[in-house]
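Read the structure below first, then the notes.
The values are calculated or read from the model by the stated rules, or taken from the named source; none is laboratory data. All of these numbers come straight from a predicted model, not from anything done at the bench. Cβ placement follows ideal geometry from the backbone for every residue including glycine, while neighbour counts extend to all protein chains displayed. With ligands, DNA and RNA removed, areas are computed over all heavy atoms of the protein, side chains included. Shrake-Rupley method; radii C 1.70, N 1.55, O 1.52, S 1.80 Å.
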Amino acid sequence: MNIKKTLYEEFPCRKNQIDTLFNLLGRNGEHSVGCVFVHGPTATGKSSVVERLLQLSDAVHVVINCIECYTARLALEPAARALCPSDTSERVDSVATFARRLKQAHKNDAFSNRSCVIVLDACERLADLGQHYLPAFARLQEITDIPTLTVVLISHILPEKFLLDCVYVSVNFPQYTRNELIDVLTVRRVTDCDINFYRDYLNVFLGVFLRATRCLDEIHHLATTHFAQYVAPVESGQLKASDVAGLWRNIAPRLKSSLDSVYLGIDSGDHADDKRAAKRGRVLTPRAQQALDLPYFAKHFLVAAFLASHNHAKTDRRLFAKSHGRKQRKRVVVGAGRKENAVDALLGPRSFSLDRLFAIFYSLLDQRTNLTASLMTQISSLVELGFLVRQGDGLELPKYKALVGLDCVEPVARTIGLNVQRYMVS
Amino acid sequence: MSSTVSVSKGCFIFKPKDAKSRKRKSTNCLNFSSEAWYQYYSRMWSTIEKKLEEINENVSQGVLDDLAEFISKCDTVKGKISSAALLLGVNMPDHTTLFSALSNRIRANMTPHVAILDSTDFTTVRSAIEKMVALLVKEKIVDLEDVENMSIDESSDEEDDAGTVFKKSDCNLPTLASWYNEKYADKDDSNCPKLIVILTDFEGTSARVLEDFILILSQYTGRLPIVMIMGVATTASAIHKSLSHTATSQLSLRLFQSQPSVYFLNNTLDQVFLKQDCPFQLGSKVMKFLTDIFLFYDFSVDGFIKGIKYCVMRHFYGSKTNLLCYLKSDMKGAFEGLNKDNLASIEQIPSFRKYLSSLPEEKQTKIKSSSPALKEVIRNLMKELRDAISVFHTFLRMLHALVSDLPDCPLGKQYREIYSEAVTMKVSNSASYKECFKILALTSKDELLPKLDKMLEILEECNLEGESVKSLKSKLKSHRKKIENVGMEQTSRTPTKSPSKAKFNVTSRAQFKEQLAKLSETKQPANPYELARMNLLEFLRDELFESTLIPLTSLPLHEVVLFDDVASVKRRLIGAPRAALHTALNNPHHYLECDCCKLSNDGEILPTMPDVCIAYKLHLESSSLINMYDWLQSFAAVVNPNGDGGKDLDDQIQARFTQAVAELQLLGFIKPTKKKADHVVRLTWGGSA
């Protein structure tokens, strides 16, 4: 009971799951279920609850994060070492060897009165190693014939998506609701301040951020970084701790501005520090971060590639030919392609051939340049930078596709005095 | 022949006996290292290189400082990898120097554990992690050697540790973690050296692998103090474009930026090449060409410097006159090294001949007849030239300080722009120069004073001697004082009527307009500041810059120090594969230099030319679709002019034709088509490019 109590305290709002898991894993030495599948969205406490439970209980256990296991040995050897300590330095690089080691240990009565648990975190990654790993682990109890052995699979993917040909108990960790989030964050708060004050803060905070993310880790990180700002007027004595509305007015603009950087992982750092650095011209303003500095011809190529990718080849003559006939360019821009629009938007960038790119490039460029080797290399450097993608391997007439959006091309085009919109049909 | 007796089959090479002697001959013509021009060149370049190194260090200092501060300050929170994104600009080859400087600095001051990974290591997660761990652990070996050197007692048990340097397959994070914990078990958490992982090329790394890499590292954030530094060539948004939320939320990113690449260019030019103490001066055309390559094509400072290196080499290569372009320390040697040959060729320099012809007749003959006299003249001229260059650069810099921040920058914002304007023609005659002074005539006192201070500072810094410079300096100072003191004196100006108060007795719109025009024409009496400003500008325009900014190209012997042969540089620095291909096919004589293919005019087709050339020249005459049969007929007619041109062709000719066509297809000039039977499509248009 003690274990449960600690777990209830440490993980609020997870009572049901803790109970189930405790019943499945916590009863030491009894015959147990062969496979438990724990699933739920990221950051809902799956791994932490399981790990903590196993720590508190007396079971022999090992936790393996399958992301790390780019070879089978990385998964199996630590497991073998933890579950059946022996002197042999034998390589454990297949499930068969692993099962044999377990069996041997079982013969030596290593697990006679103790549960033995193998936790595979992010178990969907096991499929990268080979198809047989996941089914083999799921039926490990059957293979090794150890009645107390349990394999816990943890994943954010539903168990139904896996082709698990075995009996398993599935435990679901649902997404936290707003109130639950407040409870959890209150438990996990780093600063020691009044609980109610902190809950007020969380209420305000979640009002802004809940629409952007529900990931607990992210919210926790954001909440701790912004709390110092929130509490500052109280500490300096400007506002009372009970003046929630005043505090809200103080923090709201800052919260809203940082709403854009949720998940981006950009650490805004100390703002005073930033300002000082900005004066020295080293730390960037957000606008400068977006600006793209390319050589002159590369800019033209980028714009040309974008236009080639987003316009039909048949409109090229209208858009780029110096004398394109009776139609006025303006009218083309306004009236053309009504019908195509809907389909075009869904198709995404089209691929274009190299000679078309050069044709558009030369018509955008107002000066003559020879087609030199350096000019040709511009295209491959754009490919290398991830602005274009090359399709097919053929040496003759390669095809390309532009991967950049209008938001990136437009400022670039403006620096070379082009208006992209003028050349767009849709 | 016992040496060739062998059990297995083999191929034996016997060098001809005289190989050695032949080799010596061939090396003789390449043995330029002892020749005078090469020695001058190498000495010159090594001094320039030294300066470049100094500058490079200074320029990247700022970013390195920031990064070092970041690394030492950042705390390693569980679940977040502290990482820095370094925005470096698109030219990646230039970055290697920065990264090696960074890693050296980190190694020297902070932690021995640095791993530099580039995009080729990120083919799989496994290779990335193995390389990283190997590099991080490897530092230990280096450490050990230091330890061994210091204390012999400990070396025995330390060596045991060295034996456990891991196999490649053992290089994974669990081993790294246990190794690290063992190594720093006795140390405080905050004292432990951090593990720095540097990814040099973010765009090149596979996003999928990098994502897994980050996720794996994030598992160890609590145990290992890992700091990641990523070199990003484009923008910060590239990170968020290629990595998923799960990965980016594991990072705690800080953004850093190095100076934009144009800054590096300007800095290098300003500090090294466009200076009076650089003995080698760039001409405006060459400089424009090189900066164009930089701005239009690659943003590569490295490439730019290599271009200049080529120019320096070209300047000296085989030249008899340019040995005079010496370093200051070489002055004596340079003049002693002049022999008759050199003097004769110096005499042929156009600017020198012009100078001679301006001298009186008797002096000319005297100089021409005796070589000591000629040497003396050259020595004086060179000294004058050096002095003139110093004066030129100093005053041009002053002009730059004066006009660089004017609206619209008529003379250009950068020193290099104003330099390229002034080096060949008299800048004071140019329209943009006049434009500048027009704008300057409207500047306020607050704007003008700092400019004057800056100009004086430049003048102060260079230790120019000579009476004229000194007098100019004192005059400039007095002008400055006048302008500064203008506001201090009591002015006895009568307030003029403001136009709003002036009464208009008008009845019509036209009349009102007329009166307004009249009002604007009547000049307000100039106030003292305006007078002082006018005097100053007049002084600047008519005295200061007029006498000093003499274009270098008008000085005698300027060819010796000024390199402006853009044609030769262009041919070698910018490759034009299509043009070369066209020349080779159109006029094979150009490359083959055989007698049989000499063309009298461009359109001529000779039967002696290679088959592919004949086919190529014939295909130039056709339109977009080429009929194969017609082509073959004309080919046969060229190859065998005496043939009957009838239906039965020689099989040999047909085979040659087929091969030539296949070659053209391989070169990308034609391709088969399904539009029309027996036709091929022409893929190129226009001749030269």
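Here are a few things to note about the model shown:
- Matching residues, the range A:74-119, being hydrophobic (A, V, I, L, M, F, W, C), in contact (Cβ under 8 Å) with a residue 12 or more places away in the chain and either more than 21 Å from B:PRO174 (Cα to Cα) or more than 14 Å from every other protein chain (Cβ to nearest Cβ) (or both): A:LEU83, A:CYS84, A:VAL95, A:PHE98, A:ALA99, A:LEU102, A:ALA105, A:ALA110, A:PHE111, A:CYS116, A:VAL117, A:ILE118
- Residue check for B:THR583: modelled with pLDDT under 85 and polar (S, T, N, Q): no
- Tally, over the range A:18-28, of residues that are open to solvent by 20 Å² or more (accessible area, probe 1.4 Å) and touching a residue at least 40 places away in the same chain (Cβ under 8 Å): 4
- Among (1) at pLDDT below 85; (2) within 27 Å of B:HIS245 (Cα to Cα); (3) not in a loop (DSSP other than H, G, I, E, B) - the single one B:THR76 does not satisfy: (3)
- Considered as a group, the residues in the range B:556-603 that are of a type in the set (Asp, Glu) and over 29 Å from B:LYS320 (Cβ atoms) include one that is least open to solvent (accessible area, probe 1.4 Å), and that residue is B:ASP602.
- Filtered residues of the range A:196-223 (kept if of a type in the set (S, T, N, Q) and within 19 Å of A:ASP260 (Cβ to Cβ)): A:THR213
Matching residues to (1) within 14 Å of another protein chain (Cβ to nearest Cβ); (2) in a strand (DSSP E or B):
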position	(1), (2)
A:VAL167	no, no
A:VAL171	no, yes
A:THR186	no, no
A:ASN196	no, no
A:PHE205	no, no
A:VAL208	no, no
A:THR213	yes, no
A:ASP217	yes, no
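Yes/no per residue for (1) within 14 Å of chain A (Cβ to nearest Cβ); (2) within 30 Å of B:LYS375 (Cα to Cα); (3) not in a helix (DSSP H, G or I):
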| position | (1), (2), (3) |
| --- | --- |
| B:LEU537 | no, no, no |
| B:ARG541 | no, no, no |
| B:GLU546 | no, no, no |
| B:ILE550 | no, yes, yes |
| B:GLU559 | no, yes, no |
| B:ARG571 | yes, no, no |
| B:ALA580 | yes, no, no |
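- Yes/no for B:THR175 being at the interface with chain A (Cβ under 8 Å from one of its Cβ atoms), open to solvent by 10 Å² or more (accessible area, probe 1.4 Å) and either within 23 Å of B:SER300 (Cβ to Cβ) or assigned to a helix (DSSP H, G or I) (or both): no
- On the stretch given as the range A:355-378, residues that are part of a helix (DSSP H, G or I) and in contact (Cβ under 8 Å) with a residue 12 or more places away in the chain total 11.
- Residue pairs meeting the criteria (Cβ under 6 Å; at least 6 apart or on separate chains; first touching a residue at least 40 places away in the same chain (Cβ under 8 Å), in the range A:49-73; second surrounded by fewer than 21 Cβ atoms within 10 Å (Cβ to Cβ) and of a type in the set (D, E, K, R)): A:VAL60/A:ARG114; A:VAL63/A:GLU51; A:TYR70/B:ARG126; A:ALA72/A:ASP93
- Residue that is part of a helix (DSSP H, G or I) and open to solvent by 10 Å² or more (accessible area, probe 1.4 Å), where the choices are A:VAL234, A:VAL190: A:VAL234
- Residue count for the range B:208-225, restricted to those that are more than 17 Å from A:ASP121 (Cβ to Cβ) and either open to solvent by less than 10 Å² (accessible area, probe 1.4 Å) or facing chain A (nearest Cβ under 9 Å) (or both): 4.
- Taken over the range A:193-223, the criterion of being touching a residue at least 12 places away in the same chain (Cβ under 8 Å), over 17 Å from the mean Cα position of the chain (by Cα) and open to solvent by less than 40 Å² (accessible area, probe 1.4 Å) is satisfied by A:CYS193, A:PHE197, A:TYR198, A:TYR201, A:LEU202, A:VAL204, A:PHE205, A:LEU206, A:VAL208, A:PHE209, A:LEU210, A:ALA223.
- Among the residues of the range B:227-241, the one identified as in contact (Cβ under 8 Å) with a residue 40 or more places away in the chain, more than 7 Å from chain A (Cβ to nearest Cβ) and outside any strand (DSSP E or B) is B:ILE239.
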